[in-house]
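One structure is given below, encoded as structure tokens.
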Amino acid sequence: MASLTAFLISLIFGPIIIKWLKNINFGQHIRREHVESLYDLHKHKQGTPTMGGILIIGAITVSTLLWADIANQYVLLTLAAFLWFGLVGFSDDYIKIVKKRNLGLTATTKLSSQLLAGALIALYIMFFTPIPTTLSIPFVKHTAFDLGILYIMFVMLVIASSSNAVNLTDGLDGLAIGCTIIAALSYTVLSYICGNIKFSDYLNVFYLPGSGELAVFCAAMIGAGLGFLWFNSYPATVFMGDTGSLALGGGLGVVAIFIKKELLLFLVGGVFVLEALSVIMQVAWFKTTKKRLFLMSPVHHHFQLLGWSENKIIIRFWIIAIVLALFSLSTLKLQ
């Protein structure tokens, strides 16, 4: 029901939000510098309404409040972090569009905001929840390493990485939201199992009373994502902007932390990891050799410049995301 509610909210209010964004001239600016050939591929997107993440955030928040136990601490914390990342993304988009600063928030400000949220969640976990500060390894049974005080840094890294990775993937119509839906579906299943004592015992996974409510949040993410994809599919009539991508990535990261499936997130969200790594590798390679490893990063732009059509890249990345999600869920029986 949470998924259906979020889907209907997105579908009904989508045209209203898109029209409003057009009226206030919140359109996408396509940067021309650095790679002229990429600009030629994307120039038709100039002026397409952005900050559509407002629709996603609204649909997920309303649906979660309607269908989840709002007294549940994990739901409240996940929603709070989700909204915080959405606010950071909104500020970034606002500066880009209204203040005419192409790069939005400074990298330091954006990262500091993400790390702050991660640190606060880690401290809350350590002092107010039964969640252990251990690190479990996927596919390995009865193996956990206690991180101690380093757990704070680990949580900060997971949440910031997840948020930024989704943000970097949001470069083609429907790519990021499609991969997010697939990842959210995986974590809907994992959250439900983690919160069910019988299933968690049978499958030998960490049991956290009350965490099953996070399945409602993840399901709302699926529904809101499908509703948004209706408008964001190629050719997109709206973009989510940093408002949506930072919030979605941050939300997935927080859920993964709570149910102790942090490392699995790097497999479930393998496409996001690939996109983020391509940027890191590109920068490192260029600083070392003064040459480019990829024609352009993130890697989806590399394939565009190789001549792949936008639709082909999107569908193939979705296929990879589905395969990785299925492989990730297999850890429930392979450990």
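What is the spin-label model distance, in nm, from LYS333 to SER233 if the labels are put 7 Å beyond Cα along the C-beta direction?
Computed distance between label sites LYS333 and SER233 equals 3.1 nm.
Under 23 Å between alpha carbons, and skipping anything fewer than 8 positions from LYS43 in its own chain: which lysines qualify?
List returned: LYS19, LYS22, LYS96, LYS99, LYS100, LYS312.
What longest range of the chain stays clear of loop-exposed trypsin sites (Lys or Arg not before Pro) (DSSP non-H/G/I/E/B, at most 15 other C-beta within 10 angstrom)?
With a cap of 15 other Cβ atoms within 10 Å, the longest stretch comes to 142-289.
To the nearest 10 degrees, how steeply does helix 73-97 sit against the main Cα axis of the chain, on a 0 to 90 scale?
10 degrees
Give me the 1.4 Å probe accessible area per residue for the chain, excluding ligands and nucleic acids, in Å².
Solvent-accessible surface per residue comes out at 45 Å².
Calculate, in nm to one decimal, what ASP201 and ASN23 gain on full extension: separation in residues at 0.36 nm each, minus their alpha carbon distance.
Result for the pair: 58.7 nm of gain on full extension.
Along the stretch 152-157, what does the Karplus equation 6.51 cos²θ - 1.76 cosθ + 1.60 (θ = phi - 60°) give for ³J(HN,Hα), rounded to whole Hz, x for Gly and Pro?
So the J values, rounded to whole Hz, are 4, 5, 5, 4, 4, 5.
Go ahead and set up a Gaussian network model of the chain, Cα springs under 10 Å, then flag whichever of ALA122, ALA215, ALA284 fluctuates most.
Residue with maximal mean-square fluctuation among ALA122, ALA215, ALA284: ALA284.
Please list, in chain and number order, the residues 5+ apart from GLY104 or on another chain whose amide H is under 5 Å from its amide H, with Hs placed from the backbone.
Sorted by chain and number, the residues that satisfy this are LYS96.
Helix 310-329 sits at what angle to the longest principal axis of the chain, using alpha carbons and giving 0 to 90 degrees rounded to 10?
It works out to around 10 degrees.
What residues qualify as long-range amide H neighbours of LEU135, i.e. H under 5 Å apart, gap of 5 or more or another chain, H built at 1.01 Å from N?
PHE145, ASP146, LEU147
Angle check, please: helix 270-289 long axis (alpha carbons) against the longest principal axis of the chain (alpha carbons), in degrees 0 to 90, nearest 10.
Computed tilt is about 60 degrees.
For the stretch 148-263, what size does the Cα cloud have along each of its three principal axes, sorted from largest down, in whole Å?
Principal extents (largest minus smallest coordinate, Cα): 46, 31, 17 Å.
The values are calculated or read from the model by the stated rules, or taken from the named source; none is laboratory data. Computed from a prediction, not measured in an experiment: that's the story for all the values here. Here Cβ is always computed from backbone atoms with ideal geometry, including for glycine, and neighbour counts include all displayed protein chains. Side chains are part of the model used for accessible areas, which takes the heavy atoms of the whole protein and leaves out ligands, DNA and RNA. Shrake-Rupley method; radii C 1.70, N 1.55, O 1.52, S 1.80 Å.
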